[in-house]
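Here's the structure, in structure tokens; my notes come after.
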Amino acid sequence: MSENVTQKARALADAIKLSPEFILMRAAEDAANQEEDLLALYRLYEEKREAVEQLTMEDDPDYDRMMDMTHELEELKAQYNAHPLAKAVTRSRRDFSAMMKEVNMILQSALNPEGTVARGCSGSCAGCSGCD
């Protein structure tokens, strides 16, 4: 890879790390990872999810138990998602992803000056239903 391209990629990564979206996302993740109640809820959710997964692999699974456990999983997920720190993580990740999508669109548009990328085209006509 060209040294110039590598340097520019590192500079872009540094700029991204200094963006408010990245900083807020990291802060939200760090805060969530310090919240014992939220971590305990996540661990419980994962334990139940794994138990449901194991149950589905049995030769003759107990479907009533599986339904009960699935409802419990849904309740745990709702509790987790309702937590203010989990909401902050979700929101900050969404904002970071939106910024990265914009960065990628700029890169793609620069690499494909015909502008097809700006309309959501990948630049490949394979499987395409046609241009606008």
- Query: Tell me, which residue of region 12-31 that is among the hydrophobic types (A, V, I, L, M, F, W, C) and more than 16 Å from R94 (Cα to Cα) is surrounded by the most Cβ atoms within 10 Å (Cβ to Cβ)?
  - Reply: A31
- Query: Which one is modelled with the highest pLDDT among residues in region 96-127 that are part of a loop (DSSP other than H, G, I, E, B) and surrounded by 12 or more Cβ atoms within 10 Å (Cβ to Cβ)?
  - Reply: N112
- Task: Could you run through region 1-21 and say how many residues are hydroxyl-bearing (S, T, Y) and touching a helix residue (DSSP H, G or I) at 6+ places or on another chain (Cβ under 8 Å)?
- Result: 1
- Residue ID - nearest to Y80 (Cα to Cα), chosen from residues in region 1-50 that are of a type in the set (S, T, Y) and under 20 Å from the mean Cα position of the chain (by Cα): Y42
- Task: Determine whether region 51-71 contains at least one residue that is assigned to a helix (DSSP H, G or I), charged (D, E, K, R) and within 18 Å of the chain's Cα centre (by Cα).
- Result: no
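The values are calculated or read from the model by the stated rules, or taken from the named source; none is laboratory data. Here the structure is a predicted model, which means the values were calculated and not measured. So basically every Cβ, Gly included, is an ideal-geometry build from the backbone, and we count neighbours across all protein chains shown.
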